[in-house]
Structure formats: structure tokens, C-alpha cells
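Trainee: Following this message is one structure expressed as C-alpha cells.
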Amino acid sequence: MTRLLFALVLALTTAVSFAPSASAELKVLVEGPGNFKPTPLAIPDLEVRGTNSDLARQIVEVVRADLESTGLFEMQNPASFIQKDLSIDVQPRFADWKIIKTDGLVVGAFEELPDGKIAVSFRMWDVYAGEVMRINGQPGRRLTTTPDNWRRIAHKIADSIYTRLTGEDPYFDTRIVYIAETGPKLNRVKRLAIMDSDGANQQYLTPGTNTVLTPRFSPSAQEITYMSYEGGRPRVYLFNIETGRQELLGNFPGMTFAPRFSRDGESVLMTQAEHGNSDLYIMNLQTRQSRRLTDHPAIDTSPSMSPDGRSVVFTSDRGGSPQLYVMNTDGSPRTCPSGGRDVACRITFNKGQYSTPVWSPRGDLVAFTKQLGGKFYIGVIGTDGTGERLLTEAYLDEGPDWSPNGRVIVYFRESRPGAGPQLWSVDLSGRNERRLQTQTEASDPAWSPLLQ
Amino acid sequence: MLRGLTVSTIVHASVLAMAVLSWPHQKSDCDKMIERLQKEEPGLAPVDILMRIPQCASAIDVPIDFVEIGLVTDIAPIQKAEEPEEEPEAVPEEAEEAPKPPPQEESAPEEEEVVIPDEAAEPEPEKKIEPKKEEPPPKKEEPKLIEKQKPKAKDDLDFLNEFEDILKDKAQDERRTPPEQAPPKIDKPVLRDAQESRKGAGEQRGNTASLQAAMRRQIYTCWRGVSDLPKEDQIDVEIRVSLNRDGTLKSNVELVRPRSRPVGRAGIAVDVALRAVRKCAPYQLPEDDYDEWEDINVTISPTQP
């Protein structure tokens, strides 16, 4: 109550005393894109309330690594920290953190609970403002889980920090499926594998008796669709991660390949090829009814649906070389950005061949593989064909897929002729290209939705 | 005559002694604490200082950031809010039912945690007050009011004159106040007028442009930009800054436009702009022109070329 009174009195007095100076202000206008630098963050070790200080340290290391991997943050060296007596219960000495020029400070505590679980609480401080940074309106967070699940706590903390500082949706607490490749070129074993978004916890999902390609994660269930050579011809299957069960999708003549879930997870789009012609189909997973999307003598493949479900982007050589086209999911004609009305509108007109389009989760961009002059590129383009940007370049870069927040693209690369494929990621700015470490050579990565 | 001189000398001396002993002692109490706080935590906003040493309210110049104070009223609801938030936080795979009992056990420490981050956290002020223990708060307030007016109005001669008065007249206190109050009242308006007219002239002066350029250059280096945000969230941010002569921030900076941090990604644009302005201090500007750059209105416009 007294504080409130103080506040009132102060508010009144300052309102009066400040009125005159308002007109004496020097006006400064700062314009331009800014001076991009990674944001310096200090994440000291957790305060340990218990005995397992190793686990506490590992958690912080994963948080730091996650944030650093974005290229948006610079982790301050713990050796430079001046204040050593941090506690989550006490406001830090901001002056100590300004000296090392850190923008943000994360203070956390690790606890071992009586029931064997672990809990991590943390708070973020804005060093220059001298105040706590609220996360979803809260001045801190606390997460609990079993000790063997500790990596998820770390990813969730990193996600909270990332989201608070960038405004982007989280993406660390996710998984990536890919094709693990082993053995000599002529007798290659290709198995479906899965790992955490940071490359930890790698495991195989299929035994490798049949070659598996182009896995895609369901946006809504623990399911993957891929193409397998089981039974001698390539066909699209559905695979449940939890049960390990594989199921043939549809009973099409010829081959089916290049599957991808619709954004609501209720349908799978794919390509069906018969007598040398390939066209696009969509199959509803509930009813198992399929519908033909394109009927064209050219090769149509690699369909990817927009988040609103209304449009599909795909590759077609109907114009003479592989290019990207956009069509309405219901097959009705649309007004093309390049002029005129057509069932499918071409959106790529620059030099080169375009393939493997993937509509971004945000809806405004399409990621693609481009081939030009003996090089491969991963790039993005507006869905109306404007603003093409190439993000990577290599001897072979192929097969992009989006992180669930639409900020990062994962793909695979062969850096030179004969080199095995590796997984890489790049952010939308193109600044931050990184290799994802896998135990084997790896291709065809696909990102899961955020884990629940 | 001689005796009169002796008496006068002794009396003068004792008055001076009293003044020296009592005046600085009383005066510096609050000021000292404020100075020390500012030294310890240079970025500390006056509001924060106020919260820690509320009894010194009258000694703190607070160009206020209303938002900061508003937060205080939020404290109670927030404390309660944290607990429910944590339960869904439990990583679900194993933790569906179990998490409920632990949070309850933890609830006591939890509440403490919540209190701390906010400016009005109680443990903080207590700590800072420690040096003051000897004097009970009510006593302090009275001397303060007097001090504040005294030092500004008086010089040594005043003291002497005053003391003679005191000797003659026992109603010292009553006399003291009127002469003290008078000078500041006159001073302030004079200063204000002077400032205003000077400022008017200042705008005509060529160095306004160079001061603007100097500020712009400095802020730009601290501003990381918001090019990663969608275009519609790259909003202009207008901030009011008051600087000390040494280029340090006088107080917390004040958000002018938007008036408060927007929810969603546009809030990031505000965060980044505020951080740039705070982080860039102390600013390097010519001290001679201090009256021109004491108060600055900064607009950061990401989408302009």
C-alpha cells in the first residue's frame, strides 16, 4: 500500500517536473538494418541441490550447445564470470555481468526430488535493463522429468530461451529421421534412423534388409512415411515409430514414391508412376481413398502441401526442364503470378533446374534443390516466384526439409565426387551452415514436429 | 567590546562546528546510500533505488518510467501463477500423475523464487538498508526534508548570518525555513527559462546535426537489428533517454512508442532497441553542449534504408 502511494506521488511529481524538459530533447533517428552480431549470453553452471552435479553440468552444456548452434547467440566463457555466488533466489549483480558485456544471463538450479525425478528451475535476466525476462508472463520456469530424460529438459530450456529472445517458435526439442548408409557403393545398406535434433540418441528403426528412402515425419503423430523397395518395387509405406510396424500405403499399380504428409497429418501426397509417366496423388489416411491431383504426360513429382492445405507445390518438366509449379489442391484453375490462368503455375524462371520443393511451415516460402552449372544449391523462393535466395552451394546439396518453426533447413551434402553423404543444416539467413554429426554416412533428413 | 568579540568568535566557531558536524552527517545519509547503490549497480534505475531505500524517496530524482512501477502491482497475481504453469511443464512421458505431489512440496521455495525477480523484492531492500540500522526510519525523513533545501540555498556566509540570528532569536527553526525556501523557488524558474531559450538557439546551431550524427553512430554499433523478424514486426521504436554529463544513463530509459512492449514478435523489436540504447551507454558526446544532449529522443527504424 505504501509502495503504491509512493508510486503515485512519484508519478505526479515527475509528470510535473518533466513537462518542461520534453521540448528540449535532442531528436535522433537511427535507420537501417542494424549491425548483426550474435547476442552474448551467459549461462553459468546450475546451482546443484543434490548430489548429481555431473548431470547438472551436462544439462547446461546441452543448453549452451543448442543455443550456440543457431548462430544467433554467443556463449560467454564461464571463466570470465565475475559473480560466482549466483542463486536463482537472488537478483544477480548486474554490474558484474555488464563488465563482460553479456546481454542475457540465465540462472538455474538443479534438484533431485524425493521420488527420484530431477527438476531444473531457471530464470532469465536482462542485464542492461536490470530486470527479469518473463517467459510466457512468468518470471521463471521449472521442469521435471526422470533422470534418463534429462536431454529433453535441456532442449526445453534452450527452446524457452530461444523463443524469448527471438520471438520464433521453439525447435530444439525435436527429432530428425534420416537414412543411415553403410557398406560399399555396390552393396549399400540403407536403414531408417532417428536422432535428437542435436544428433544425440541415434538409433536405427529398420534392420536394413530392404532399402528405404525419403522418410517424412508426420506433423501430428509418431509416424513416418517413406519409400521402401520391399517386395522388389518401390512403394510408399507408413511406419509407426512406437510399434515399429510398417504398412503399405494404397494399392497402386506401378511404383509410388516421394511421399509427404499434408500439414494436418491426415493425408499423404505421393507420386505414382506407370508406363513411364508419373503424376501426383493424395491419399486420406482415415478413409484410404486416393485422388489424382495431376494428369499430364510430363513427369510430375515431389508434391508438398501449403500449411493451409489449399495449394500444392511440385516439380514438373512440362516446360522442358524440371521446374517448380504451384496448383490448387482441388485442381481448379488459378491466376498465375506470371500472368494468365492455369491449373498449375510455374514459379521458377531463373537459370537452372529445380526439384524437391518443400512448402515452409510458415507458408510464405518454398525450399528447393537447384542444379546449375555442375553445382547444387539449397534455396528458398516466395510462393509467388519472387525473392529467390540461394542459401548453400556444394558439389551435391539435396533434399531440404524445414524445422517445425520454419527457421532452419536440414539437407544432405556430398562435398566432392565420391565423398559420402552427410547431414547439414542452414538457417534462413544463410549465415549459419553446420554439419549434423551422424555415426554413419547419412542422407534424406526429415524434421519431426515439436515433441509433446 | 573585546568581550563581545570573544563571545562572538566562540559562538561563531561553535556554530560552524555544529553545522559541519550535523549538516553533512544528516545530508549524506540518503545521498551516500544512493551513490553507493549507483556505484555498485551502475545501471540501476531510480525506481529500483527507491524500492530499496524507500525512506529516501525525497532524495531520489526519479524521471519515471511508469511501467516499472506498474509492475509492482502485478507481483501478487504472478506469485500464484507460477505453480500451475509448472505442472504442464513436466515432460509428460513419465511424469503424468507424479508431478503433482512434488510441486506441492516445493511450493514454499517456489514462492520465494517468484518474489525475487521483481523490482520490489523484499529481501533486496533489507540488505541494502543494513548500514542504516542505527536510525529508525521516521527520524530520517524529517532531517531529509530540511537537508534537501538547505544545501542548495546556503553558503558559508548564510550560516554565519543565520547563527547570529539564532543567538538573538530562539525561534530558529521558523526562521530557517523561509529564507531557505525562497532562493530555490527563484532559481528554478530562472534556470528553466534559460534552458528553453538556449535550446531554441541550439536548434539553430550547426552542432545539433553533429550531435545527432554522433548519437546515431554510437547506437547503430550496439543495435543488432531485427532483420530476422517478419517485415510487419520490424516496428519503429521511440525511446526517451536522459544522460548525465559523463554520458551515462541518468535513469532507466523510457519507451515512448509503442507505449508498452507489444505481445508477440514485435515485442522482440522493442527488446532489441531498448537493449541497444542501454548497452551503448556511456555515450561519448562533447560536454560543452551538455544542455543540448541531456535529454534525447531516439527513434530506431529498422525498415528504413
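The values are calculated or read from the model by the stated rules, or taken from the named source; none is laboratory data. On a predicted model such as this, the values are computed, not experimentally measured, just so you know. Please note: Cβ atoms are built from the backbone with ideal geometry, for glycine as well, and neighbour counts cover all protein chains shown. The protein model used for the area step is the full one, side chains on, heavy atoms only, and it has no ligands, DNA or RNA in it. Shrake-Rupley method; radii C 1.70, N 1.55, O 1.52, S 1.80 Å.
Trainee: Could you pull out every residue, at least 5 positions away or on a different chain, whose amide H is within less than 5 Å of the one on B:T248? Hs are placed 1.01 Å off N in the peptide plane, and Pro or chain starts have none.
Mentor: So B:T248 has HN proximity to B:Y283.
Trainee: For segment A:394-403, in order, what is each residue's ³J(HN,Hα) by Karplus, 6.51 cos²θ - 1.76 cosθ + 1.60 with θ = phi - 60°, in whole Hz (x at glycine and Pro)?
Mentor: 7, 4, 9, 10, 7, x, x, 8, 8, 5
Trainee: Going by alpha carbons, how many degrees (0 to 90, nearest 10) lie between the helix axis of A:53-69 and the longest principal axis of chain A?
Mentor: Helix A:53-69 sits roughly 60 degrees off the main axis of chain A.
Trainee: If the limit is 27 Å between Cα atoms, which of A:K98/B:K231; A:K27/B:K250; A:K375/B:K231; A:K27/B:K279; B:K231/B:K279; A:K185/A:K370 go over it?
Mentor: From the list (A:K98/B:K231; A:K27/B:K250; A:K375/B:K231; A:K27/B:K279; B:K231/B:K279; A:K185/A:K370), the Cα-Cα distance tops 27 Å for A:K98/B:K231; A:K375/B:K231.
Trainee: Can you classify segment A:284-324 as rounded, prolate or oblate using the Cα gyration tensor, where a ≥ b ≥ c are the square roots of its eigenvalues, rounded means a/c under 1.5, and otherwise it's prolate if a/b beats b/c and oblate if not?
Mentor: Oblate is the answer for segment A:284-324, as a/c is 1.5 or above yet b/c matches or exceeds a/b.
Trainee: Taking beta carbons within 10 Å but only from partner chains, what does the mean come to for residues B:259-271?
Mentor: Shielding by partners across B:259-271 averages 2.
Trainee: Within segment A:117-161, list the chymotrypsin sites (Phe, Trp or Tyr not before Pro) lying in a DSSP loop whose Cβ has at most 12 other Cβ atoms in a 10 Å radius.
Mentor: Counting only loop positions with at most 12 other Cβ atoms within 10 Å, none of the chymotrypsin sites (Phe, Trp or Tyr not before Pro) in segment A:117-161 qualifies.
Trainee: Let's test the formula: R0 of 30 Å, r as the Cβ-Cβ distance of A:Q353 and A:D330. What FRET efficiency results, to the nearest 0.05?
Mentor: For A:Q353 and A:D330, the calculated efficiency is 0.60.
Trainee: Just the ratio, please: alpha-carbon radius of gyration of chain A over 2.2 N^0.38 Å, N its number of residues.
Mentor: Cα-based Rg divided by the globular estimate yields 1.15.
Trainee: Still on this structure, I have one more. In terms of modelled amide H atoms, which long-range or inter-chain residues lie less than 5 Å from the amide H of A:G140?
Mentor: Here A:I135 satisfy the definition.
Trainee: Additional query: What shape does segment A:54-130 take by its C-alpha gyration tensor, where a ≥ b ≥ c are the square roots of the eigenvalues and a/c under 1.5 counts as rounded, a/b above b/c as prolate, and the rest as oblate?
Mentor: oblate
Trainee: Got a sec to turn the phi values of segment A:272-287 into Karplus ³J(HN,Hα) couplings, 6.51 cos²θ - 1.76 cosθ + 1.60 with θ = phi - 60°, whole Hz, x for Gly and Pro?
Mentor: Once θ is set to phi - 60°, the couplings for segment A:272-287 become 10, 10, 8, 6, x, 10, 10, 9, 9, 9, 10, 10, 7, 6, 6, 8 Hz.
Trainee: Still on this structure, I have one more. By how many nm would the segment from A:R233 to A:N77 lengthen if fully extended, with 0.36 nm per residue of separation less the alpha-carbon distance?
Mentor: 50.7 nm is the gain from fully extending A:R233 to A:N77.
Trainee: Something else: Accessible area drop of at least 40 Å² (1.4 Å probe, protein heavy atoms): which residues of segment A:123-150 qualify, relative to the chain alone?
Mentor: The answer is A:R123, A:Y128, A:A129, A:E131, A:R134, A:Q138, A:P139, A:R141, A:R142, A:T144.
Trainee: Which of the peptides A:163-173, B:248-258 is most tightly packed, and how do the rest follow, judged by the mean count of other Cβ atoms within 10 Å per residue?
Mentor: A:163-173, B:248-258
Trainee: Okay, next question. For A:V48, enumerate residues with amide H under 5 Å from its amide H, sequence gap 5+ or separate chain, H modeled in the peptide plane.
Mentor: When sequence neighbours closer than 5 places are left aside, the close amide H contacts are A:F110.
Trainee: Skip the ligands, DNA and RNA, and give the accessible area per residue of chain A with a 1.4 Å probe, whole Å².
Mentor: The answer is 40 Å² per residue.
Trainee: Separate question: Round to a whole angstrom and tell me the spacing of the C-alpha centers of segment A:176-231 and segment A:398-452.
Mentor: If you average the Cα positions of each part, the centres end up 14 Å apart.
Trainee: So, one more: Per residue of segment B:228-243, in order, report the coupling 6.51 cos²θ - 1.76 cosθ + 1.60 (Karplus, θ = phi - 60°) as ³J(HN,Hα) in whole Hz, putting x for Gly and Pro.
Mentor: For segment B:228-243, the Karplus curve yields 6, 7, x, 3, 5, 9, 7, 7, 6, 10, 10, 10, 9, 10, 10, 10 Hz.
Trainee: Relative to the longest principal axis of the C-alpha atoms of chain A, give the angle of the C-alpha long axis of helix A:2-18, reported between 0 and 90° and rounded to the nearest 10°.
Mentor: Tilt relative to chain A: about 90 degrees.
Trainee: Something else: Compute the helix-to-body angle for A:150-166: its Cα long axis versus the longest principal axis of chain A, expressed 0 to 90° and rounded to tens.
Mentor: That works out to roughly 80 degrees.
Trainee: If you add up the charges near A:G406, with Lys and Arg at +1 and Asp and Glu at -1, over every other residue whose beta carbon is less than 12 angstrom from its beta carbon, what do you get?
Mentor: -3
Trainee: Moving on. Excluding A:S69 itself, what net charge comes from residues whose Cβ is under 13 Å from its Cβ, given Lys and Arg +1 and Asp and Glu -1?
Mentor: -4
Trainee: Averaged across A:101-109, how many Cβ atoms of other chains sit within 10 Å of each residue's Cβ atom?
Mentor: Mean inter-chain Cβ contacts per residue within 10 Å come to 1.
Trainee: While we're on this one: Which whole-number percent is the relative contact order of segment A:344-452 (Cα, under 8 Å, 6+ apart)?
Mentor: 18
Trainee: Could you give the accessible area per residue of segment B:223-301, probe 1.4 Å, as a whole number in Å²?
Mentor: 39
Trainee: Excluding A:R260 itself, what net charge comes from residues whose Cβ is under 14 Å from its Cβ, given Lys and Arg +1 and Asp and Glu -1?
Mentor: -4
Trainee: Mind listing, in residue-number order, the residues in segment A:162-192 that have at least 40 Å² less accessible area with every protein chain present than in their own chain alone (1.4 Å probe)?
Mentor: A:R164, A:G167
Trainee: Taking each residue of A:249-255 in turn, how many C-beta atoms of other protein chains fall within 10 Å of its C-beta, and what is the average?
Mentor: For this peptide, the per-residue mean of nearby foreign Cβ atoms is 0.
Trainee: Averaging sequence separations of C-alpha pairs under 8 Å and six or more residues apart, then dividing by the length of segment A:39-166, give the relative contact order as a whole percent.
Mentor: RCO, segment A:39-166: 27 percent.
Trainee: Counting only C-alpha contacts under 8 Å and six or more residues apart, can you give the relative contact order of segment A:223-330 as a whole percent?
Mentor: 17
Trainee: Could you work out the helix-only [θ] at 222 nm for chain A, with each DSSP H run of four or more residues adding -39,500 (n - 2.57) and the total divided by the number of residues, to the nearest 500 deg cm²/dmol?
Mentor: -4000 deg cm²/dmol
Trainee: What does the buried accessible surface come to for B and A, summed over both chains, with the probe at 1.4 Å? Round to 100 Å².
Mentor: Rounded to the nearest hundred, the buried surface is 7300 Å².
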